[in-house]
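Peer 1: Below are the structure tokens for one structure; questions will follow.
The values are calculated or read from the model by the stated rules, or taken from the named source; none is laboratory data. Only a predicted model underlies this, so the values are computations on that prediction, with no experimental measurement involved. Cβ sites come from the backbone with ideal geometry, for glycine too, and all protein chains shown count toward neighbours.
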Amino acid sequence: MNKIAERAAAKRQRVIEAASVVFRRHGFAKTSMDTIAVEAGMSRPALYLVFPNKEEIFAAAVHHMGELALTALRQGLPQRASLEEKLIFVCEQWAGRGYDRMKENPDSKDLTDPSFQPVREVYEKLQHFLAELLADSVRRSGLRTTPDQVARLITASMRGFKEVAKDSADIRRMLSLQISIFIRGLGPR
């Protein structure tokens, strides 16, 4: 890669990382291009040379945060022995930590709002990740379903739990119970 392309890639990455911080703090609606530019250490006109609008920055930031989260999940799985432990880990890291961030800063709820296309895309990646994790157990279970359908159910319920949980401990209890029920449902017939 030539020097100009390297600098452009580094600047783009700097904007994405800065935008991730700002969107976590203010959400989509309350974030301005000025705020992102300040956080990235550049002028607003310079920011527009990297990204033409806030929507594209938001999409890039959401995808970046999603990839970081999925990488952390992949790295944490080998320390868990059973499928149940792995699923609880994934759900607690994804939904439990997301719930905690949302409670700390309610404006960050945009980062989990499926009305935003990039958020739906990241949830689809999580769903695919879960389907891969569940594949063997679902096939052996004898249930008339697919790993994708089970993963979709888990993903959708995680989103719902964030809405109804009373506190951090409550969402973790619900997640753990849900996974225990799924594991028993996948058990021998």
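Peer 1: Take the conditions of a type in the set (A, V, I, L, M, F, W, C), without any contact (Cβ under 8 Å) to a residue 40 or more places away in the chain and exposed (fewer than 13 other Cβ atoms within 10 Å of the Cβ) and apply them to residue 47. Does it pass?
Peer 2: No.
Peer 1: Separate question: Of 177, 130, which residue is surrounded by 14 or more Cβ atoms within 10 Å (Cβ to Cβ), assigned to a helix (DSSP H, G or I) and either in contact with an Asp or Glu (Cβ under 6 Å, 6 or more places away or on another chain) or at pLDDT 95 or above (or both)?
Peer 2: The conditions single out 130.
Peer 1: Oh, and also: Which ones in the range 141-180 are free of Cβ contacts under 8 Å to residues at least 40 places away in the same chain and under 16 Å from residue 86 (Cβ atoms)?
Peer 2: Passing the criteria: 147, 150, 151, 155.
Peer 1: Here's something else I'd like to know. From (1) under 19 Å from residue 73 (Cβ atoms); (2) over 14 Å from the mean Cα position of the chain (by Cα), pick out the condition that doesn't hold for residue 158.
Peer 2: Tallying (1) under 19 Å from residue 73 (Cβ atoms); (2) over 14 Å from the mean Cα position of the chain (by Cα), residue 158 fails exactly one: (2).
Peer 1: Would you mind telling me which numbered condition in (1) surrounded by 13 or more Cβ atoms within 10 Å (Cβ to Cβ); (2) part of a helix (DSSP H, G or I) residue 31 fails?
Peer 2: For residue 31, the failing item is (2).
Peer 1: Does at least one position in the range 3-15 carry a residue that is in a helix (DSSP H, G or I) and under 30 Å from residue 131 (Cβ atoms)?
Peer 2: Scanning the range 3-15, I find at least one residue that is in a helix (DSSP H, G or I) and under 30 Å from residue 131 (Cβ atoms), so the answer is yes.
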